[in-house]
Ligand SMILES: [Zn+2]
């Protein structure tokens, strides 16, 4: 049987081996409440998914309907345990509305022949390992090219060089070849919603071959890993959680000492 890896799983190993071990090997990764950034990102994705499904169904969607979809979803799904490290809830809500308004204005009337939304992709890299992921949107354009579209909702803007070396969408290119045929032309498209920018890249067959080999090397490296150092970075959920546990322990010990004095 083929063992499946995702881009995010590979990223977790690259960022924090200890977190990877906790999540995928020991399976003790804590159920940490999600951050407001993650919440906002998933709701923006859901509204765009809805938009394209409506359009695929032959309906035209007005801007205020799209914003309403986002707002209703926000109110239905928001919960008080969502982590907010800085700013107010309302700032994030307004940010989400702005993402959608900008996206709508820039991309209307959405007649670019979207053939799939939130498409699950599974394919093998060799006889032992495979890749699994979800493509936000697939377009078959009028030149007969397949376009892999991805929405990014974080503040980070990438350079063209970074996109030309990006692993995630290039892996989806490999996956699309399994679904639609080896000889298809594929364009990779990113929508950086926080910057209202669209950027593109593409891969040659040689680059795809190299990507396949490098990804297999990385998986092999993970399989042979015996030391799992923590990254210790502030934004790492695992490392932040560990730190909070240590703080709890300190408070507890101090309390323990106090009670032994009395
Ligand atoms: Zn970490």
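Below is a table of values for the structure above.
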| quantity | calculated |
| --- | --- |
| Residue satisfying condition, being surrounded by 13 or more Cβ atoms within 10 Å (Cβ to Cβ) and more than 29 Å from residue 65 (Cβ to Cβ), within set 100, 140, 193, 125 | 125 |
| Strands (runs of 3 or more DSSP E) enclosed by region 135-240 - at least 3 residues per element that are within 17 Å of the chain's Cα centre (by Cα) and modelled with pLDDT of 95 or more | 146-152, 186-192 |
| Test for residue 200: is it more than 10 Å from the ligand (Cβ to nearest atom) and in contact with a strand residue (DSSP E or B) (Cβ under 7 Å, 6 or more places away or on another chain) | yes |
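The values are calculated or read from the model by the stated rules, or taken from the named source; none is laboratory data. Keep in mind the model is a prediction, meaning the values are calculated, not measured. Every residue, glycine among them, receives a Cβ derived from its backbone with ideal geometry; neighbour counts consider all protein chains shown.
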